[in-house]
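The block underneath contains the structure these notes are about, expressed in structure tokens.
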Amino acid sequence: MGQHADGLLARASASASVLTDTATDPPAALAVADDSALEGSDLRFAVDLSEPVPRNDVRVTATTSVWTAGDADFTATSETVEIPAGQTQVGFVVKTTDDTDDEPADPGR
């Protein structure tokens, strides 16, 4: 997560992969959308499958890590989210911290 001096978390992104039982389900690609938020607001990420997996739920572990944002800029999170069989999207939330530090705007992950 990067940040402007005015407190805007400029960008946050994520990546993941999907393992399916290819004998019963077609392969699906997984994407995690970027989000931005003001410090003190929630980042809301959407996890999308390229197509529904008809027979099995898809479980994804969403974990934050420090990259360009410091660990004081957000609340560390690791949670398993589940996309129900036949669906294509689920979301997860990362809470950000409002501080008074001026930091450069950098893309974040």
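The values are calculated or read from the model by the stated rules, or taken from the named source; none is laboratory data. Computed from a predicted structure; not experimentally measured. All Cβ positions, even for glycine, are placed from backbone atoms using ideal geometry, and neighbour counts span all protein chains on display.
Condition first: in contact with a Phe, Trp or Tyr (Cβ under 7 Å, 6 or more places away or on another chain) and touching a residue at least 12 places away in the same chain (Cβ under 8 Å). Can you find one or more residues in region 59-67 that meet it? Outline the logic, then answer.
Initial filter on region 59-67 (in contact with a Phe, Trp or Tyr (Cβ under 7 Å, 6 or more places away or on another chain)): 62, 64.
In the following step, the residues that additionally are touching a residue at least 12 places away in the same chain (Cβ under 8 Å) were identified as 62, 64.
The answer is yes; a qualifying residue exists.
Just name the residue that is farthest from residue 99 (Cα to Cα) out of those in region 43-80 that are modelled with pLDDT under 80 and of a type in the set (S, T, N, Q). Please lay out each step first, then the result.
Let us first name the residues in region 43-80 that are modelled with pLDDT under 80, namely 65-72.
Keeping just the survivors that are of a type in the set (S, T, N, Q) gives 65, 68.
Numbers: 65: 19, 68: 16 Å.
Going through the qualifying residues, I end up with 65.
Which one of the conditions (1) part of a loop (DSSP other than H, G, I, E, B); (2) over 25 Å from residue 38 (Cα atoms); (3) modelled with pLDDT under 90 does residue 85 fail to meet, given that it meets all the rest?
Of everything listed in (1) part of a loop (DSSP other than H, G, I, E, B); (2) over 25 Å from residue 38 (Cα atoms); (3) modelled with pLDDT under 90, residue 85 misses just condition (3).
Between a residue in region 84-109 that is closer than 10 Å to residue 73 by Cβ and any residue that is basic (Lys, Arg) and at pLDDT below 65, which pairs come within a Cβ distance under 9 Å, given they are 6 or more apart or on different chains?
Note: pairs meeting the criteria are 108/11.
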